[in-house]
1. Using the Cα atoms of region 135-182 to build a convex hull, what is its mean projected area in square nanometres?
2. Among Cys94, Tyr84, Ser110, whose Cα lies farthest out toward the positive end of the dipole of region 56-167, if unit charges sit on the beta carbon of Lys, Arg (+1) and Asp, Glu (-1)?
3. Scaled to the compact-protein estimate 2.2 N^0.38 Å, what is the alpha-carbon radius of gyration of region 1-80, rounded to two decimal places?
4. Taking the Cβ of Asn115 as the centre, find all other residues whose Cβ is under 15 Å away and add up their charges (Lys, Arg: +1; Asp, Glu: -1).
5. Could you calculate the contour length gain from Asp145 to Thr104, that is, 0.36 nm times the residue separation minus the distance between their Cα atoms, to one decimal place in nm?
6. If you roll a 1.4 Å probe over the chain with all protein chains in place, what percent of the accessible area is carbon or sulfur?
7. Using square roots of five times the C-alpha gyration tensor eigenvalues, list the equivalent-ellipsoid semi-axes of the chain in whole Å, biggest first.
8. Helix 45-60: angle to the longest alpha-carbon principal axis of the chain, degrees 0 to 90, nearest 10?
Amino acid sequence: MEPIILASSSPRRQEILKMLNIPFQVIMPNIDETLTSTCLDIEEVPELLAREKVAAVIHSLPAGQEIPWVLGADTVILFNGEIYGKPESNEQACEFLRKFSGKTHEVITSIVLYNGRNKTYSSRKSKTKVTFSQLTDDEIQWYTDTGEWHGAAGGYRIQSLASCFIKNIEGSYSGVIGLPIFELYDILKEQNYSLLN
């Protein structure tokens with residue numbers, strides 16, 4: 001299999017690629033993830049950011065270097081018409097979890113794959129509903145004190161201690177982690193990148 005450049009520093013995304021036995025190298029994209037434009041459909045934000053990550057990595061490579069595949073992904077949480085990204089502080093992580101407590105929010109992960117052979121981009125989107133149980137202040141404090149919220153959209157990691165609070169998920173578990181496996185397999189198959197070798 002040809003190596004893929006992963007435009008992300010996420011250990012979770014790397015673990016999924018390792019599990020699928022896809023050879024990859026990590027190049028961190030240098031982009032500003034804060035969005036100032038309000039004319040964009042809120043559900044299109046993760047695809048835009050994933051595409052920007054891929055483009056940033058391509059532009060960072062030396063001119064003339066052959067670029068086989070570049071994969072970018074972005075995850076956002078939507079709740080009450082607002083985007084919840086990565087919290088900037090322990091207090092903000094607590095605030096996010098208080099809002100999610102006892103309610104259902106939506107996790108959208110978009111992936112964008114650049115095919116260097118034909119210089120095209122393909123994308124897929126995964127949408128998952130996540131329902132939290134009713135959380136006490138002590139539970140929220142206990143969780144945020146672990147520091148697990150650092151670098152996590154919405155301030156929690158479903159694959160770790162936050163799973164104690166997840167009452168139900170409807171959709172893609174791997175999509176909530178940050179790299180939806182079905183959509184990744186689908187996009188690779190479309191681009192004639194076979195995992196079956």
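1. Values: hull surface 14.1 nm².
Orientation-averaged projected area of the Cα hull: 3.5 nm².
2. Of the options given, the answer is Ser110.
3. Details: Rg = 14.0 Å, N = 80, 2.2 N^0.38 = 11.6 Å.
For region 1-80, the normalised Cα radius of gyration is 1.20.
4. Values: positive: Arg51, Arg117, Lys119, Arg124, Lys189; negative: Glu2, Glu66, Asp186, Glu190.
Spelling it out: positives minus negatives among the neighbours equals +1.
5. On the way: separation 41, 0.36 × 41 = 14.76 nm, distance 2.33 nm.
Difference between extended and current length: 12.4 nm.
6. Values: 4870 of 9990 Å².
Roughly 49 percent, rounded to a whole number.
7. Values: eigenvalues 190, 60, 46 Å².
In descending order the semi-axes read 31, 17, 15 Å.
8. Tilt relative to the chain: about 40 degrees.
The values are calculated or read from the model by the stated rules, or taken from the named source; none is laboratory data. This is a predicted model, so every value here is computed, not measured. Reconstructed Cβ throughout: ideal geometry from the backbone, glycine too, with neighbour counts over all protein chains shown. Just the protein is used for accessible areas: all its heavy atoms, side chains included, with ligands, DNA and RNA removed. Shrake-Rupley method; radii C 1.70, N 1.55, O 1.52, S 1.80 Å.
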